[in-house]
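Below is one structure, written out as structure tokens; comments come after it.
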Amino acid sequence: MRVLFTTNIPTPYRVDFFNELGRSVDLTVTFEAATTKTRDADWLSKDIRNFQGIYLKGVRRPGARYALCPGIVPLLEKGSFDVIVLGA
């Protein structure tokens, strides 16, 4: 089963979850950013082992919590995923 999961940043608990999920399914995860100004960069996880991680270039208004990521559109247009999960 091919799964696309979207989320905002690669926090350690999310990356751990995706590494476990990636053992059972063909998993692709999109992150709207590699880091954020409100988090210490050392705290973010880059330990991607069991899934494909894609960092999108999000467009964010100053002070906004979420970003608009038009880079997700080509992935969705491919239609090659059995399940698509939109998260935050």
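The values are calculated or read from the model by the stated rules, or taken from the named source; none is laboratory data. Just so we're clear, the structure is a prediction, and the values are computed from it rather than from any experiment. Protein only, heavy atoms only, side chains kept; ligands, DNA and RNA dropped before computing areas. Shrake-Rupley method; radii C 1.70, N 1.55, O 1.52, S 1.80 Å.
Fully extending the segment from residue 78 to residue 49 would add 8.1 nm, taking 0.36 nm per residue of separation and subtracting the current Cα-Cα distance. The order of 14, 2 by accessible area, most exposed first and with a 1.4 Å probe, is 2, 14.
A cut-off of 5 Å between modelled amide H atoms, ignoring neighbours fewer than 5 places along the same chain, links residue 71 with 57.
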